[in-house]
Amino acid sequence: MLKSPFDVALAVSLAVLPLLLVIWLFVFGRTWAEARRARDADIRLALAADLGLSPRELGSLTTVGLFKLREQAAFDDLTGVLRRAAGIAALEREIARARRQKSALTVAFVDLDGLRQANDSRGHAAGDSLLRDMATTLKTGLRGQDLVLRYGGDEFVCVLPDTPSDAGGDKLRQIQTEAGRSGLAFSLGLAELERSDDVVSLLGRADRELYDAKARRSGIQNLHPEGRRDQNGRRRVPA
């Protein structure tokens with residue numbers, strides 16, 4: 001029995017409550033679906049930009065397909081390590097993480113010795129084999145969390161998170177010694193992340209160390225490594 005206006009209001013509220021719940025779920029579902037579509041569109045556009053795809057090409061691929069394409073595009077076909085662009089992006093993330101966590105980060109430039117001679121004397125198949133061996137040696141010798149990227153030609157970059165330069169140098173020199181026993185030779189230069197570094201300055205210091213190491217081995221004097229790369233990262237030959 002409804003004996004008071006309060007009882008009537010309560011009864012009406014209870015009767016309307018399921019309808020309100022249905023309306024809320026409908027609105028929430030539409031809002032969530034719209035947000036998901038917008039997020040998916042943003043992801044697809046970002047992936048397409050990474051892969052250099054046009055809007056027409058984008059329309060024929062699913063988000064999952066785009067992720068697969070980006071994963072395939074991130075790795076060097078010959079050596080299986082990260083390509084330069086993908087590796088630099090990963091290094092930038094590691095720099096940001098090292099700064100957040102106040103942890104050490106070391107990068108190493110690695111230059112495969114004898115690639116040109118192998119190409120000239122035994123053909124490019126022999127040179128490709130050397131590059132694959134170099135990549136495998138680095139990946140096998142380093143930790144799972146370390147990154148290896150092919151910077152270009154005969155050059156690789158190793159990214160060693162949570163590692164100071166002295167420990168990183170010890171590890172890479174150990175790999176260098178072991179590789180030498182099987183006839184694989186390479187030169188290296190290291191740099192540890194400093195407060196003022198960005199990705200360019202960090203790689204630049206590692207590259208200068210590499211160049212100085214090669215100069216010391218060959219007995220070349222009075223080199224100026226700062227000027228030996230052009231704006232595209234290609235090595236310049238000193239005059």
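Quick notes
- Residue-wise HN-Hα coupling along the stretch 88-103, computed from phi with Karplus coefficients 6.51, -1.76, 1.60 (Hz; x: Gly, Pro): 5, 4, 5, 5, 4, 5, 5, 5, 4, 5, 4, 6, 4, 8, 6, 10
- Summed residue charge, Cβ within 13 Å of Gly169's Cβ, Lys/Arg positive, Asp/Glu negative: -2
- Protection proxy ranking of 145-153, 90-98, by the mean of other Cβ atoms within 10 Å over each peptide's residues and highest first, is 145-153, 90-98.
Read-outs: derived from the displayed coordinates by stated rules, not from any lab. Small disclaimer: the values here were computed from a predicted structure and weren't measured. Counting neighbours? That spans all protein chains shown, and the Cβs are built from the backbone with ideal geometry, glycine included.
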